[in-house]
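No value in this document is a laboratory result; all are computed from the given coordinates. This is a predicted model, so every value here is computed, not measured. Note: ideal-geometry Cβ built from the backbone for every residue, glycine included; neighbour counts use all protein chains shown.
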Amino acid sequence: MLAHTYMNPAIVDIADVSGDSFALSKAATKYDNEKVIMCGVRFMAETVKILSPEKRVYMPVGSATCAMAEQFSPEKVKEFKEQNPDVCVCAYINTTAALKAQCDVCVTSSTAVKIVKALEAKDILFIPDCNLGTFVKEQVPEKNIILWKGGCPVHGSITVDDVLTAKSAHPHAKIAIHPECPPEVCKMADYIGATSGILDYCKQSDDDVIIATEKGVCDWLNLHYPQKDFYQLAPEKFICRDMKLTTLESIYKTLLGEAGEEIILDEELRIAAKRPIDAMLAYGG
Ligand code: SF4
């Protein structure tokens, strides 16, 4: 049982493995279980299946999708590639299998800068998250990074005022921000990083920390590190509804075979979607 860190902490705590989406897909390859339950959203379960085709992969709630992963159609990217054959198409791992299949290389939020820097191509289309893309663009000014307007509706809704409100309520606390947040918000961070990076930063920090990512992360930290205080930035905004569709009950019913959806991927599509993931791994991602 794999659980993304944005799940309810009660789910994270009963999972065999918890973490970022790509770390979970890699972890699944190391287990010899025939069946895997992925508690997260659809692109995460697809990525598990792409890397472990011999396993039967289930989602407790098949309708849990990621709004960002489906923002651009594979046809649009295919057409762009036909018109711009020299541009490398770089996809955040938060994309559907069908979209990955049209891309050259994947990245995660923690490896994006390193991989974009290492790409031979100078011209790069970075999809779907233009906030993460802007962050990468600033860190890798030597590349020409083309962005399309897309991104996470949850992280993308955060404003400078939200940060100022949290800072004035907790002036002693540091602030850790996910790079899916808008660039003007990221500029106010003491630490910018992916979920796993935020968790490490919070575990090591001597200070209390304001958390600017999905609420599940802050809830989990407060449960497990009661000696420190972690404050959720904009708690009313930082809830991914799709991530919260999975419940202990839906997991239990999936274990009993009474609920859940098995992920089935056409083999040709799976192989095509694995290609950019293999490219990412070849670049050390
Ligand atoms: S938080 Fe944003 S990127 Fe993550 S699953 Fe929800 S919509 Fe997608």
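Couplings 3J(HN,Hα) of the range 100-116, computed from phi: 4, 4, 9, 9, 8, 8, 9, 9, 10, 5, 8, 10, 4, 5, 4, 6, 4 Hz, in residue order, whole Hz [Karplus 6.51 cos²θ - 1.76 cosθ + 1.60, θ = phi - 60°; x for Gly and Pro].
Report Rg(Cα)/(2.2 N^0.38 Å) for the range 1-157, keeping two decimals. Mind dumping the intermediate values first?
Values: Rg = 16.1 Å, N = 157, 2.2 N^0.38 = 15.0 Å.
Output field value: 1.07.
Over the range 155-232, Cα pairs under 8 Å with separation of 6+ residues give a relative contact order of 28 percent. A Cα-only calculation for the range 1-70 places Rg and Dmax at 10.9, 32 Å.
Subtracting the Cα-Cα distance from 0.36 nm times the residue separation, let me have the gained length for S157 to Y225 in nm, one decimal. Please list the in-between numbers first.
Numbers: separation 68, 0.36 × 68 = 24.48 nm, distance 2.78 nm.
Going from the current span to full extension adds 21.7 nm.
Taken over the range 114-202, lysine pairs spaced eight or more positions apart, or on distinct chains, with alpha carbons under 17 Å apart number 11. Going by neighbour counts of Cβ atoms within 10 Å, the residues C39, C106 line up, fewest first, as C106, C39.
Remark: the chain is approximated by an ellipsoid whose semi-axes, taken from the C-alpha gyration tensor as √(5λ), come to 28, 26, 15 Å, largest first. The ranking of V140, V105 by Cβ neighbour count inside 10 Å, starting from the fewest, reads V140, V105.
Plainly put, the range 155-232 has a radius of gyration that is 0.92 times its Kirkwood radius, both from alpha-carbon atoms, as the Rg/Rh ratio.
Ranked by Cβ crowding within 10 angstrom, fewest neighbours first, how are E79, E236, E180 ordered? Present the calculation step by step, with values, prior to reporting the outcome.
On the way: E79 12, E236 8, E180 27.
So the residues, fewest neighbours to most, are E236, E79, E180.
Mean residue ellipticity at 222 nm, helices only, the chain: -11000 deg cm²/dmol; runs of at least 4 DSSP H residues each add -39,500 (n - 2.57), and the sum is divided by the number of residues.
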